[in-house]
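Below: one structure, written as structure tokens.
Bear in mind these aren't lab numbers, they're just calculated from the coordinates by the rules spelled out. All of these numbers come straight from a predicted model, not from anything done at the bench. Using ideal geometry, Cβ is built from the backbone for each residue, glycine included, and neighbour counts are taken over all protein chains shown.
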Amino acid sequence: MATVIDIHTHAFGQSYLDLLDEHGAPDYGTRQMPDGKEYLLEKGVPAVALRPEAFDYEAKIRQLDQYGIDLAIVSLSSPGVFWGGEAISSQASTIVNDSQAAAQTAYPDRIRWLASLPWEYPDLAVAELDRAVEKGAVGVMVMATIGGRHLVDPLFEPIWRAVDRHALPVLVHPTAPFGAREAEFSRERILMPGVGFMFDTTLCIARMILDGFLDRHTKLKLIAAHGGGFLPYVAGRIDMLFDRETLVAQNIDRAPSSYLEDIWFDSVVYNPGALELCIETSGPGNVMFGTDLPMSADVEALYAVVDRLPADQVKAIKAGTAQKVFGL
């Protein structure tokens, strides 16, 4: 039985990247930067350096061994497949899902995967979801915003109903947030993945809670990446404002923070207090281990913030909760 399961780790293959370079402009693409590394660009900002383990599953397995990870649940990273139009978005989904399914076949004891879907085209997305589940997907990965739309946009409702029908876990992963260009993230570069991504997740999940999304879709399992962004830190403030709202009719009838007990979080935070606050606001059974590999540069720090917790919580975070959530 696995003792460490990584639920937030990325792999997508060279064919996906080639397609992105061909059709992702003007918002997305890759470029070699002055430090000699090739970066994935999002809204003109070098978001992450591209590493070999994202394209080579043999290298991925060696990296899992290096960090003592028994099983990796791989997913695509930002910007997903939301570029290039209908045909390209659908093609990108197929390429990614097929490559991850092949990796699971090649390494059945080490790899599971989350499906990527062309969300802007609901009929295609539902068909691809069903196909991906048949090929072995154990969940779905989605960006926190899609083409300028929030995840509660009515356009996506048929897809959410299908995901709910399959009772799948859904990892909500950030991308370049609203206002990314205006924020001038390229000035410091690290502020987009360090701050902008966290805002993107926070706004997305908070809006889903206030929209009543979790009351409509009760079978799927929502997972907020990077410890939920700022959500654990601002939960009390949102509750305070919710209790005093007089201008907008509310779609929920209980405190927004109470819904944090109905979703899951990964442990990709680098501060012990941040993880403790996440556990305090969501519950000790709602956190699962993640690394963000191969983008992460400090997996040892991620282990350290988990290993200082009580033994039963460590065991649950590293594997037990993921085994339940993903049915492993």
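I'd like to verify a number: residues in the stretch 68-82 that are crowded, with 17+ Cβ neighbours inside 10 Å, in a loop (DSSP other than H, G, I, E, B), at negative phi and touching a residue at least 40 places away in the same chain (Cβ under 8 Å), how many?
Going through the stretch 68-82, the residues crowded, with 17+ Cβ neighbours inside 10 Å turn out to be 69, 71-82.
Subset that is in a loop (DSSP other than H, G, I, E, B): 69, 76-82.
Remaining after also requiring at negative phi: 69, 76-79, 81-82.
Adding the requirement that they be touching a residue at least 40 places away in the same chain (Cβ under 8 Å) leaves 69, 76-79, 82.
Matching residues across the stretch 68-82 total 6.
Looking for whichever is of a type in the set (Val, Ile, Thr), more than 20 Å from Gly80 (Cβ to Cβ) and in a helix (DSSP H, G or I) here; the options are Ile209, Ile205. Which one fits? Checking each option against the conditions leaves just Ile209.
Being touching a strand residue (DSSP E or B) at 6+ places or on another chain (Cβ under 8 Å) and surrounded by fewer than 22 Cβ atoms within 10 Å (Cβ to Cβ) is the filter; apply it to the stretch 121-136 and report the residue that is nearest to Ala162 (Cα to Cα). Checked the stretch 121-136; the qualifying residue nearest to Ala162 (Cα to Cα) is Val133.
Residue pairs whose Cβ atoms lie under 9 Å apart, separated by 6 or more positions or on different chains, with the first residue in the stretch 263-286 and in contact (Cβ under 8 Å) with a residue 24 or more places away in the chain and farther than 9 Å from Val305 by Cα and the second among the basic types (Lys, Arg) and not in a helix (DSSP H, G or I), are Ile263/Lys221; Trp264/Lys221. Within the stretch 35-49, one or more residues are in contact (Cβ under 8 Å) with a residue 60 or more places away in the chain, within 11 Å of Pro294 (Cα to Cα) and touching a Leu at 6+ places or on another chain (Cβ under 7 Å). Only one entry of Ala106, Ala102, Ala54, Ala92 meets the criterion of being without any contact (Cβ under 8 Å) to a residue 24 or more places away in the chain, over 19 Å from Leu222 (Cα atoms) and not hydroxyl-bearing (Ser, Thr, Tyr), and that entry is Ala102.
In the stretch 187-235, which residues are over 25 Å from Gly44 (Cα atoms), charged (D, E, K, R) and more than 15 Å from the chain's Cα centre (by Cα)? Scanning the stretch 187-235 gives Arg207, Asp211, Asp215, Arg216, Lys219.
Being in a loop (DSSP other than H, G, I, E, B) and either of a type in the set (A, V, I, L, M) or on the phi < 0 side of the Ramachandran plot (or both) is the filter here, so list the residues in the stretch 175-202 that pass it. Correct list: Thr175, Ala176, Pro177, Phe178, Ala180, Arg181, Glu182, Ala183, Glu188, Ile190.
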